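The block underneath contains the structure these notes are about, expressed in structure tokens.
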Amino acid sequence: MNAEHPPAGTADDSGAAPRYRLAVVNLMPQAEIYLDYMERVLPPGTEVRWIRVRDHAYRSSDPEILSATHRYYDESAVDDCDALLLTGAAVDIDPDLTAATYWDEIVRTLRDADGRVGSIAGVCWGAQVLGKVFYDIDKEHFPAKVFGVLEMTNEAPGHPLTRGLDDRYWLPHSRYARMEPDGFGKAVADGLLVPLDWCEEAGHTTVVSADGAHLMLQGHQDYPTERLAQEYHSAVEKGRATSLPLNYDPDRPVNRWRANNRAFFAAWLELAAARKRGLAPKPPAGSGTPQQP
């Protein structure tokens, strides 16, 4: 594990309660690497509860680590969590969001967690899943993969999630698609979604619902310094066509996004915790609607 700050795992050595509790539905290839990713970017003292899905084979993951660190979802997994995060997935190249073998399971999980936690975030493919599940927005593929570290314009410097960020900041991208512009534009015009940033190469990237319940991170606030280099060199070794990442040297990677991304995740968990305190308890799944007296 990275030693840049105390682990984002449980309460600290003083025995104090965790600062925040976050459930992570982990669909990443080599799922165990994401434990370190979250440790690097989350506020110290954040407890992370790792969730795996039944309909995903996790062929590239270490089965012993997965078994020891991840659990399957049920309402008890998140009822005391402030937030839930859905990671990206290796199926992002497929134009059909619903083609993933675990699509139905993810939809059930998101719909059940909605209202149990203060906020749900999705990263990359996960962001577009949130757009589809909660706002019926399809995804649209770019002519070519957006790959590199892009300079974003902070379009909402007064918003709780971005008021601590620079007017312009760097953000890693590694994606083939975005939320389809017409559906996205309508949701913004209807006051349902709020775009927080923008860049010429990728358009609106970080988007939050007006009530803060849903956060779509089409970029990668979660990526550590070396991740884009690993993706690039892996593609080259496998003989896949790939371009050099924009504004990033895969042989000598430099991190220009760490401070802003840590500030962003801290602001999101603070917002999620505040929303969680205001939520009415949600009945257990399958409990039905109480009868009127």
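The values are calculated or read from the model by the stated rules, or taken from the named source; none is laboratory data. What you see is a predicted model; the values in this text were computed from it and never measured. We place every Cβ from the backbone using ideal geometry, glycine too, and count neighbours over all the protein chains shown. We work out accessible area using only protein heavy atoms, side chains counted, and drop any ligands, DNA or RNA first. Shrake-Rupley method; radii C 1.70, N 1.55, O 1.52, S 1.80 Å.
It is to be established whether one or more residues within region 225-235 are open to solvent by 20 Å² or more (accessible area, probe 1.4 Å) and among the aliphatic types (A, V, I, L, M).
No, there is no match, as no residue in region 225-235 is open to solvent by 20 Å² or more (accessible area, probe 1.4 Å) and among the aliphatic types (A, V, I, L, M).
Given the criterion surrounded by fewer than 22 Cβ atoms within 10 Å (Cβ to Cβ) and within 17 Å of the chain's Cα centre (by Cα), identify the matching residue among Gly212, Gly191.
Of Gly212, Gly191, the one residue that is surrounded by fewer than 22 Cβ atoms within 10 Å (Cβ to Cβ) and within 17 Å of the chain's Cα centre (by Cα) is Gly212.
If Trp198 satisfies every condition in (1) open to solvent by 50 Å² or more (accessible area, probe 1.4 Å); (2) within 21 Å of Val24 (Cβ to Cβ); (3) among the aromatic types (Phe, Trp, Tyr) but one, which is the exception?
The failed condition is (2).
How about region 149-165: which of its residues are surrounded by fewer than 21 Cβ atoms within 10 Å (Cβ to Cβ) and in contact with a Pro (Cβ under 7 Å, 6 or more places away or on another chain)? Can you show your working first?
Residues of region 149-165 surrounded by fewer than 21 Cβ atoms within 10 Å (Cβ to Cβ): 151, 153-160, 163-164.
Once the filter is applied, which keeps residues that are surrounded by fewer than 21 Cβ atoms within 10 Å (Cβ to Cβ) and in contact with a Pro (Cβ under 7 Å, 6 or more places away or on another chain), region 149-165 yields Glu155, Arg163.
For a quick check of your reading of the model, give me the residue pairs whose first member lies in region 128-147 and is open to solvent by 70 Å² or more (accessible area, probe 1.4 Å), whose second is part of a strand (DSSP E or B), with beta-carbon atoms closer than 6 Å and at least 6 apart or on different chains.
Lys145/Tyr176
Looking only at region 74-90, count how many residues are of a type outside the set (Asp, Glu), in a loop (DSSP other than H, G, I, E, B) and surrounded by 15 or more Cβ atoms within 10 Å (Cβ to Cβ).
So the count comes out to 5.
Are any residues in region 23-72 open to solvent by 50 Å² or more (accessible area, probe 1.4 Å) and among the aromatic types (Phe, Trp, Tyr), and if so, which ones?
Passing the criteria: only Tyr72.
Consider region 246-273. How many of its residues are touching a Leu at 6+ places or on another chain (Cβ under 8 Å), more than 22 Å from Val24 (Cβ to Cβ), surrounded by fewer than 21 Cβ atoms within 10 Å (Cβ to Cβ) and in contact (Cβ under 8 Å) with a residue 24 or more places away in the chain?
Qualifying residue count for the region: 3.
Need the failing condition index for Glu231 against (1) farther than 18 Å from Ala89 by Cα; (2) in contact (Cβ under 8 Å) with a residue 24 or more places away in the chain; (3) not in a strand (DSSP E or B), just the number.
Every listed condition holds for Glu231 apart from (1).
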